[in-house]
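Since the structure comes first, as structure tokens, the remarks are kept for the end.
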Amino acid sequence: MPLMTCTEIVAHPLFPAIEKQIAQHLIGIHLRTPRMSRLKASHRKWLMTQSLFALALRRRPDDPLSGLTATRFVDTVMRLGAASRNTATGYLAELVAYKFLKDVPDVPDKRVRVLEPTELSLNGLRSWFNGHLACLDRLDGGNREMTSLAEERIFLIAQPIGADIMIGDPAWREPPDSIGHFLWSDLGGIILHDLIARLDNVDRSAPVHSCGPVSLTDLSETYQASTTNLKRMFKKAETDGLLHWEQPRRRGNLLLTSQFVEDYFTWQSAKFAAVDLSYQRALEELGIKTENWAAA
């Protein structure tokens, strides 16, 4: 199946619908397993999470000291400029404490601590991956999700590839300022998903899009987000003219400008294109032809 480019994805008539679909999928993961939000609480943490999974899943059986170690992870984060050395080290310790990572047993050199994802975190990221495949299938009638669910090695191979593509792409690594102040804040990403999930029948020629009534208090309670942090996020967007409520004191429907929504869609399209390419490369590595797989 031909790869879809960012331009093709974001211009597709169904793209607003799949953005709503993936937003609802990711909100579902968050509400079922709130601790999982720590893996992508902010864009900085999501950069680090994708990087550490890529290191872990590239561990080779013939090299017991390969894979995810604190030294390799910190070096990777420092090269990205995603966080300081102390922040990266603290994040790794946090994921171990919350049982998202565990020690690889029987490492021959006791001076080296090699870590691997637990089933909890693997299943969370696998659900993230397959949810995006389902959306891509909706765009072109493919069978990516079914194929991935039937062959779990696809995800294990695709994740490091997709992480490299996303992290290496400035369009995804450095989101535009219009949405960046949400994404760089804790839980800002899930708040954006919530807003997009509220949109219905998006007319992309319209100057604004209604989310319906939105209460910051309700958002805080639903996602266990700091009210102060939420006010800061929305205040900046209001000041920049990117969104506003119909009535004073943040009452009535919340309206998002077309710039805000389109910037978000364009940023998201880079991620979808990376997932699609990583999936296709995993198929090639495994020698799977999707038409034959579907027939089987």
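From Cα pairs below 8 angstrom and at least 6 apart in sequence, can you work out the relative contact order of the chain, rounded to a whole percent?
25
Can you give the angle from 0 to 90° between the axis of helix 85-97 and the longest principal axis of the chain, with both taken from C-alpha atoms, to the nearest 10?
80
DSSP loop chymotrypsin sites (Phe, Trp or Tyr not before Pro) in the range 82-144 with at most 15 other Cβ atoms within 10 Å of their Cβ, which ones? Let's see the in-between values first.
Numbers: sites: 91, 98, 100, 128, 129; in loops: 98, 100.
Of the chymotrypsin sites (Phe, Trp or Tyr not before Pro), the ones in loops of the range 82-144 whose Cβ has at most 15 other Cβ atoms within 10 Å are 98.
Which distance in Å, rounded to a whole number, links the C-alpha centroids of the range 56-77 and the range 173-215?
Taking the Cα centre of the range 173-215 as reference, the centre of the range 56-77 is 35 Å away.
Which trypsin sites (Lys or Arg not before Pro) from the range 96-181 combine a DSSP loop assignment with at most 12 other Cβ atoms within 10 Å? Please report the intermediate quantities before stating the final value.
Working: sites: 99, 102, 110, 111, 113, 126, 138, 144, 153, 173; in loops: 99, 110, 111, 113.
Those satisfying the criteria are 99, 110, 111.
With each label point set 7 Å from Cα along the Cα-Cβ vector, what nm distance links residue 66 and residue 111?
Those two pseudo-labels are separated by 2.2 nm.
For Rg and Dmax of the Cα atoms in Å, the listed values are (i) 19.8, 65; (ii) 18.1, 58; (iii) 22.6, 72; which was obtained by calculation from the structure presented?
Evaluating Rg and Dmax of the Cα atoms in Å on these atoms matches (i).
Which trypsin sites (Lys or Arg not before Pro) in the range 233-270 sit in a loop by DSSP (not H, G, I, E or B) and have at most 16 other Cβ atoms within 10 Å of their own Cβ? Provide the component values of the computation, followed by the final result.
Working: sites: 235, 236, 249, 250, 251; in loops: 249, 250.
Of the trypsin sites (Lys or Arg not before Pro), the ones in loops of the range 233-270 whose Cβ has at most 16 other Cβ atoms within 10 Å are 249.
Round to the nearest 0.05 the FRET efficiency obtained for residue 119 and residue 206 when R0 = 51 Å and r is the Cβ-Cβ distance.
Numbers: r = 44 Å, r/R0 = 0.87.
According to the calculation, E is roughly 0.70.
Testing the spin-label approximation: label points 7 Å from Cα along Cα→Cβ at residue 184 and residue 8. State their distance in nm.
3.4
Taking Cα atoms, how many degrees apart are the long axis of helix 70-80 and the longest axis of the chain, rounded to 10 and kept between 0 and 90?
Between the helix axis and the principal axis of the chain, the angle is about 40 degrees.
What's the extension gain from residue 35 to residue 231 if we count 0.36 nm per residue and subtract their Cα-Cα distance?
The span from residue 35 to residue 231 would gain 68.3 nm if fully extended.
If I model a spin label as a point 7 Å beyond the Cα along the Cα-Cβ vector, how far apart are those points for residue 85 and residue 174 in nm?
If labels sit at residue 85 and residue 174, their model points lie 2.5 nm apart.
In the Gaussian network model of the chain, springs joining C-alpha atoms below 10 Å, which of 140, 276, 106 carries the largest mean-square fluctuation?
Judging by the Gaussian network model, the answer is 106.
Please identify, among 258, 205, 37, the residue showing maximal mean-square fluctuation in a Gaussian network model of the chain using a 10 angstrom Cα cutoff.
Between 258, 205, 37, it is 205 that shows the largest mean-square fluctuation.
Too long at a 26 Å Cα-Cα cut-off: which of 45/231; 99/231; 40/289; 40/110; 99/235; 99/236?
Values: 45/231 21 Å; 99/231 32 Å; 40/289 33 Å; 40/110 31 Å; 99/235 36 Å; 99/236 35 Å.
Too far apart for the 26 Å limit: 99/231; 40/289; 40/110; 99/235; 99/236.
Each value in this text was obtained by applying a stated rule to the coordinates, not by laboratory testing. Since we're looking at a predicted model, the values are computed, not measured. For neighbour counting, all protein chains shown are included, and Cβ atoms are generated from backbone atoms with ideal geometry for every residue, glycine included.
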